[in-house]
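Chemist: Structure provided below as C-alpha cells; questions to follow.
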Amino acid sequence: GFLTERSVDAPRVCAELLLSHVFGCERTRLYMEVDRPASPDELARLRELVKRAGQQEPVQYLVGETWFHARPFFVDRSTLIPRPATETLVAQAVAWARGRGAAVRALDLCTGSGCVAVSVVAALVTPRRGPFEPPAVPVEACAMATDLVPAAVALAARNAPRHGVERRIEYRAGGQYEPLRPDEAASFDLLLANPPYIGDDEFAQCAPNVRAHEPVTALRGGPDGRRIVEPLVRGAARWLRPDGRLLVEIAASQGA
C-alpha cells in the first residue's frame, strides 16, 4: 500500500523483491513461509529500503540485481538497468550466429552491466532447450566488451563468472572503438551495441526514477539521440569481417 500510494511501478513485485532480498531467499519462498516472523534487524532494513523505493529509487539498485534473458545480473548506479526490450538484440544475435554455423567473435560496445555480451556468449556455448524446442547445437563463441565508464567495465566483469563465460569475454575501458588496436581491424563477426540513444525531448518525458537515478551517460544521445549511434554505425565496417553483422538498439523514431 505504501508503494502504491507513491506511484511506484509494479508495487507488489517491488515489495516482494525487497522482502526476498532482506530475508535472503527466492521470491517463491515468501509464499511458502507466509507466517515467518521478521527479526527487528530485518524490519529495520526493510523499512529503510521501502522508504527509498517510495522515493522512486529503482528496486534493482536497492537489491543490487536484476534479471535479463532468464539470467541474474549484478547492477549498480554505474550502469543502465537492463530492459526486456534489449532481449530482442540478444535473440537476433543468437539466431544469426546459430544460422551461420561457424565460430563467432563478437564486439559489444557500451556494454554496461555486460548483459548483452554474457547472454549472447552463454546462449551460444551452452544453449538451453525449452520444453517444446529441438536441441540447439553449441556454437564456439567469444567476445570483447567495452564501456566508457570504468566502474561499469568492472561490474560487467563480475557478471561473466555467474554464467560460466569469464574466460570467453575480454573487457576494456574506453569509448566506442577507442580501446581497440589497429591489428584487430576486420576481426569481429558480430558487432552489438545498446548505446545511449534518447534525445533531449524524449528524456524529459522519461519516468522520474529513470531521470533521477540511472546514469545519463547510458541514456542521453544528444539533441536528436544520434550523437553516439551515428559514429558507431559509421565505424563498424572497419572492425567487422566482410560477412559480419551489425546489430544496434535504437529508438523507433531513428529507424530511417
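Chemist: Report the Stokes-Einstein translational diffusion coefficient (µm² s⁻¹, integer) for region 163-256, Rh taken as the Kirkwood radius over Cα pairs, at 20 °C with viscosity 1.002 mPa s.
Modeler: So the translational diffusion coefficient is about 143 µm²/s.
Chemist: Please give the FRET efficiency for His213 paired with Ala185, using the beta carbon to beta carbon distance and R0 = 25 Å, rounded to the nearest 0.05.
Modeler: 0.05
Chemist: Among DSSP bridges having both ends in the chain, what percentage is antiparallel? Round to the nearest 5.
Modeler: Antiparallel bridges make up about 15 percent of those DSSP assigns within the chain.
Chemist: Mind putting together the pair-distance distribution for the chain? All Cα pairs, 10 Å bins, whole percent per bin, short to long.
Modeler: 7, 28, 32, 22, 10, 2, 0
Chemist: Taking K and R as +1 and D and E as -1, what net charge do the other residues with C-beta under 12 Å from the C-beta of Val8 add up to?
Modeler: Around Val8, the surrounding residues sum to +1.
Chemist: Right, something else. Dipole of the chain (Lys/Arg Cβ +1, Asp/Glu Cβ -1, origin at the Cα centre): which of Gly114, Thr4, Gly225 lies farthest to the positive side?
Modeler: Going by the charge dipole, the pick is Gly114.
Chemist: For Thr28 and Arg227, what does the FRET efficiency come to when R0 = 25 Å and r is the distance between their Cβ atoms, rounded to the nearest 0.05? Don't jump to the answer; show the numbers that get you there.
Modeler: Working: r = 44 Å, r/R0 = 1.75.
The formula returns an efficiency of 0.05 here.
Chemist: If packing is taken as the mean number of other Cβ atoms within 10 Å per residue, what is the order of 18-29, 147-158, highest first?
Modeler: Descending mean neighbour count gives 147-158, 18-29.
Chemist: In a GNM of the chain with a 10 Å cut-off on Cα contacts, which of Arg36, Arg211, Arg220 has the highest mean-square fluctuation?
Modeler: Arg36
Chemist: Per residue of the chain, what 222 nm ellipticity follows from adding -39500 (n - 2.57) for every DSSP H run with n ≥ 4, rounded to the nearest 500?
Modeler: Computed ellipticity for the chain at 222 nm equals -11000 deg cm²/dmol.
Chemist: Additional query: Restricting things to alpha carbons, tell me how big region 1-79 is in terms of Rg and Dmax, in Å.
Modeler: Over region 1-79's Cα set, Rg and Dmax evaluate to 12.6, 38 Å.
Chemist: Can you give the local net charge around Gly99? Use residues other than it whose beta-carbon is closer than 14 angstrom to its beta-carbon, Lys and Arg +1, Asp and Glu -1. Mind dumping the intermediate values first?
Modeler: Values: positive: Arg98, Arg100, Arg245; negative: Asp189, Asp243.
Residues close to Gly99 contribute a combined charge of +1.
Chemist: Can you pull out the GluC sites (Glu not before Pro) in region 113-187 that DSSP calls coil and that have at most 13 other Cβ atoms within 10 Å?
Modeler: Taking region 113-187 and a limit of 13 other Cβ atoms within 10 Å, the loop GluC sites (Glu not before Pro) found are Glu140.
Chemist: Under a point spin-label approximation (7 Å from Cα along Cα-to-Cβ), what is the Trp96-Arg52 distance to one decimal in nm?
Modeler: It is 3.8 nm.
No value in this document is a laboratory result; all are computed from the given coordinates. Note that the structure is a prediction, hence the values are computed from the model and not measured. Glycine also receives a Cβ, built like all others from the backbone with ideal geometry; neighbour counts cover every protein chain displayed.
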